[in-house]
Structures are given as C-alpha cells and as structure tokens.
Amino acid sequence: MKVAGFTFIRNALKFDFPVVEAIASVLPLCDLFVVAVGDSEDDTLKLIRRIDPQKIRIVETVWNSSLVSGGAVYADETNKAFDAIPEGFDWCFYIQGDEVLHEKYLEPVRQAMQKWADHPEVEGLLFRYRHFFGTFDYTGDSRRWYRREIRVVRNDKKIRSYRDAQGFRRNGQKLAVVPVDAEIYHYGWVRHPRDMQQKIEEVRRFYHGISETEARHIAGQREFDYSRSYDALACFTGTHPQVMHNRISRLNWPVEVDLKKVNMNLRYRFLYWFEKLTGIRPFEYRNYRLLKR
C-alpha cells in the first residue's frame, strides 16, 4: 500500500498558518507529499522547502483571481495538488493548512487504509472534527461547526474537491465512505486577533469579492474580537498533538469567554439542546454517503 499526502497553501507566514505542523502530522503515513504553493507575498515557498525534501514535492501555482464566488479557488488549488500525485498510490491523505492529526491516530488511520485498500466500493475515509476557537483551550460547541469530513480518498482523478474544498465528490456524486476512528484538530480560528482579522479579510475576497469601499472599511478593523464572535464554546481538556506544542507555548494573546453563553435564536437553541440530549443533529448537511458495513 502506498500513500500520498496533499495540500495547498499561500501566504502561510502572513496569516500564521500552522501548515508545517499540519504536514508533519500526517507525513509518517505518507510516501510522498504534494504541496501546491500559491503565489505568496512572504517566504511560504522557503518554509515548505525546509520540511522534508525527501518526501515533499512542490507545485508552484498562481491563484485564479476570477474564482471569487463561494471559495471555489480553494477547491481549484486542492485539485492542482491532487492531480500532481502520480499513479501507483492507493490512498491520498488531504490535510488543510490549519488542520492537524494527533499522533495517537496515526496507527488507526494506517490500519483503516490497509483494511479497505482492496475494497474498491470504499472511495474515502471519514474523520471526526474538533474545532478550536480563540485559544487552544476552547472548542466550538454548536451546529456551525461541521462534525465530520472526508480526508482520505482514492487516487482516482475523477474525484474532485467540492465547492470551497471542504470535501470531495466523484463525477458530482457524493463519495461512498467508511468512518475511521480518528479526529482532525482544526486550528483555523486560533490566531492572534490581528492575524485573524487579516485572514478574514482575505477569505472574504475569495468568497464574495469586495468593493473598494468595503476594502477601506475592513482595513480599519485592526483586530478580531473573539469575545463577540461565538455562539457556544466548550473547555478542551485533552492533549494537543506534539507537533503543536511549540506553537502553543508561543501563545501571547488573551481571550475571555463565557462558557455558559449560548448566543442563538430560539430554533437553533432548541436544536442545540436536542443534540446535547440525544447526540443526534437534525438536518445535518452531509457531503458523503456512509456505507453499511
């Protein structure tokens, strides 16, 4: 069994992406790792080159500035990295630049890939998600945070990144997947408030595009206000991946939150408590098809 990893990144230093940690967290599973490095305003290319020259293959790309609707440019860049994976690899592990796999899940993922390698009906593996918010001590605890997503797919180029690169589809159809006993730690909402604000501005450009008036307005917003930007949070009591320890030790900003706060309208508050009591999330969006085993 041969495994290739892949991701895309641009302006990793400018927006403080933990992309080195992301790649390093899955590299033990991979024989090759492809990184689509976009045209950056910083030393992202040098950063990626230093990770592991024996395994890393870099594809230098230019982001399509016309893809400013719904984050389509992220899927486009994901596909560029995926397409650079040669034939001969069985599985492809996709990790985004702000996602990390805890080392305790390396073996369960390896075993799952081995178990299903000779079952062509299994097109991908489904992972649980834990979304951190503000600092490394809090996680999102509401319906706004997706619970599962595909992160391992077959090396089949009919499979394409979907919409804003959250998941995948094959010929426009949902992939048939099985769950793996592993969790992706998502750190996209843990940055210094200044870096978080800059990241949000960048995302807006590639989701909707912005006018010159809007650009001037958001330029005046120097720091993101975490304390006013969540609906419900929970305290994280587990351990973080080892690759994140140095980054965590450098945390230098305070975030004050109220864990009792549930800032939702009546409908979502009802659904929130229903999920708490039953573990069921009604009307959950699923970009995959679970296979019966």
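Here are the numbers for this structure:
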{"read-out": "Filtered residues of the stretch 174-205 (kept if of a type in the set (Lys, Arg) and in contact with a Lys or Arg (Cβ under 7 Å, 6 or more places away or on another chain))", "value": "Lys174, Arg191, Arg194, Lys199"}
{"read-out": "Residue in the stretch 73-83 that is crowded, with 22+ Cβ neighbours inside 10 Å, modelled with pLDDT under 95 and farther than 30 Å from Trp253 by Cα present", "value": "yes"}
{"read-out": "The stretch 133-177: number of residues that are without any contact (Cβ under 8 Å) to a residue 60 or more places away in the chain and either assigned to a loop (DSSP other than H, G, I, E, B) or acidic (Asp, Glu) (or both)", "value": "5"}
{"read-out": "When residues of the stretch 3-45 are limited to those that are closer than 21 Å to Tyr105 by Cβ and out of contact with any strand residue (DSSP E or B) (no Cβ under 8 Å at 6 or more places or on another chain), the one surrounded by the most Cβ atoms within 10 Å (Cβ to Cβ)", "value": "Ala24"}
{"read-out": "Residue in the stretch 46-65 that is out of contact with any Phe, Trp or Tyr (no Cβ under 9 Å at 6 or more places or on another chain), surrounded by fewer than 22 Cβ atoms within 10 Å (Cβ to Cβ), of a type in the set (Asp, Glu) and closer than 21 Å to Val190 by Cα present", "value": "no"}
{"read-out": "Test result for Glu99, of a type outside the set (Ser, Thr, Tyr) and under 19 Å from Pro18 (Cα atoms)", "value": "yes"}
{"read-out": "Selection count where residues are farther than 17 Å from Arg228 by Cα and touching a Leu at 6+ places or on another chain (Cβ under 8 Å), scope the stretch 121-146", "value": "7"}
{"read-out": "Checklist (1) touching a strand residue (DSSP E or B) at 6+ places or on another chain (Cβ under 9 Å); (2) of a type in the set (S, T, N, Q); (3) modelled with pLDDT under 85 applied to Thr213, failing item", "value": "(1)"}
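The values are calculated or read from the model by the stated rules, or taken from the named source; none is laboratory data. Quantities reported herein were computed from a predicted structural model and do not represent experimental measurements. All Cβ positions, glycine included, derive from the backbone under ideal geometry; neighbour counts span all protein chains shown.
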